[in-house]
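The values are calculated or read from the model by the stated rules, or taken from the named source; none is laboratory data. Keep in mind that what you see is a predicted model, and the values were worked out from it rather than measured. Quick reminder, even Gly has a Cβ in these numbers, built from the backbone with ideal geometry, and neighbours come from all protein chains shown. These area figures cover heavy atoms from the full protein model, side chains too; ligands, DNA and RNA do not enter into them. Shrake-Rupley method; radii C 1.70, N 1.55, O 1.52, S 1.80 Å.
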Amino acid sequence: ICCCGNYRRAVAELPQKVYYRTPDGGIALNLFTNSTKAFDVQGQTVTIRQETAYPNDGEVKVTFTTAGKTEDPLKFAFQFRTPRWCEKITLRVNDEAPVSIDPNQQKLGCFVLDRAWKDGDVVRISMPMTWRLLRGRAVQDGRVALLRGPIVYCIGKDQNAAVLAK
């Protein structure tokens, strides 16, 4: 983003970037945030409700509601972004056994759940937010940033000279 106008536009467009449709007719979850979105999938309405405190923690609950002409499960692919800052993601669908996901091994940075979805299905995504240090390079050589999950904590030496002197 090169200027103030682009920043404001990008922030205003964020609600439109939470979910996407995939080329195969599935649904992709791109951003982790409290939200509700309805989609037409094969002529039936599928509503996704996402509940999370992200980025304060890495727990995400996604509930599927299917309202259609039939009570039969609806088969489609649901995918979600697998952030590379997370070493291991644990995924659980309803009461099924949890699945461990390595974000670095996912094609295009997403994990795909291709299954028959029933009304009330719940997906729980758990992304542990460990603390880590990132060493600066080039102009930032000799500096370090403190990270937790997607959040970067920094102290500028010029703006915080008194704090750093202590």
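Please determine whether any residue of segment 139-148 is farther than 30 Å from A38 by Cα and part of a helix (DSSP H, G or I). Looking for residues that are farther than 30 Å from A38 by Cα and part of a helix (DSSP H, G or I), one finds at least one in segment 139-148, hence yes. Just so you know, in segment 64-82 the residues that are among the charged types (D, E, K, R) and surrounded by 12 or more Cβ atoms within 10 Å (Cβ to Cβ) include one that is nearest to V46 (Cα to Cα), and it is K75. Across segment 83-103, the qualifying residues are those that are out of contact with any helix residue (DSSP H, G or I) (no Cβ under 7 Å at 6 or more places or on another chain) and among the basic types (K, R), and the one among them that is surrounded by the most Cβ atoms within 10 Å (Cβ to Cβ) is R92.
Here's the yes/no breakdown for (1) of a type in the set (A, V, I, L, M); (2) at pLDDT 95 or above; (3) over 22 Å from N104 (Cα atoms):
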{"position": "A28", "(1), (2), (3)": "yes, yes, no"}
{"position": "Q42", "(1), (2), (3)": "no, no, yes"}
{"position": "R49", "(1), (2), (3)": "no, yes, yes"}
{"position": "V62", "(1), (2), (3)": "yes, yes, yes"}
{"position": "E71", "(1), (2), (3)": "no, no, yes"}
{"position": "T82", "(1), (2), (3)": "no, yes, no"}
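Can you find a residue in segment 104-118 that is open to solvent by 100 Å² or more (accessible area, probe 1.4 Å), of a type outside the set (S, T, N, Q) and outside any loop (DSSP other than H, G, I, E, B)? Yes, because at least one residue in segment 104-118 is open to solvent by 100 Å² or more (accessible area, probe 1.4 Å), of a type outside the set (S, T, N, Q) and outside any loop (DSSP other than H, G, I, E, B).
Filtering segment 33-48 to residues that are without any contact (Cβ under 8 Å) to a residue 60 or more places away in the chain and either assigned to a loop (DSSP other than H, G, I, E, B) or surrounded by 15 or more Cβ atoms within 10 Å (Cβ to Cβ) (or both) leaves T33, N34, S35, F39, V41, Q42, G43, Q44, I48.
Scanning segment 121-132 for residues that are closer than 15 Å to Q50 by Cβ and part of a loop (DSSP other than H, G, I, E, B) gives D121, M127. The set of residues from segment 14-32 being open to solvent by 70 Å² or more (accessible area, probe 1.4 Å) and farther than 17 Å from V62 by Cα comprises L14, Q16, P23, D24.
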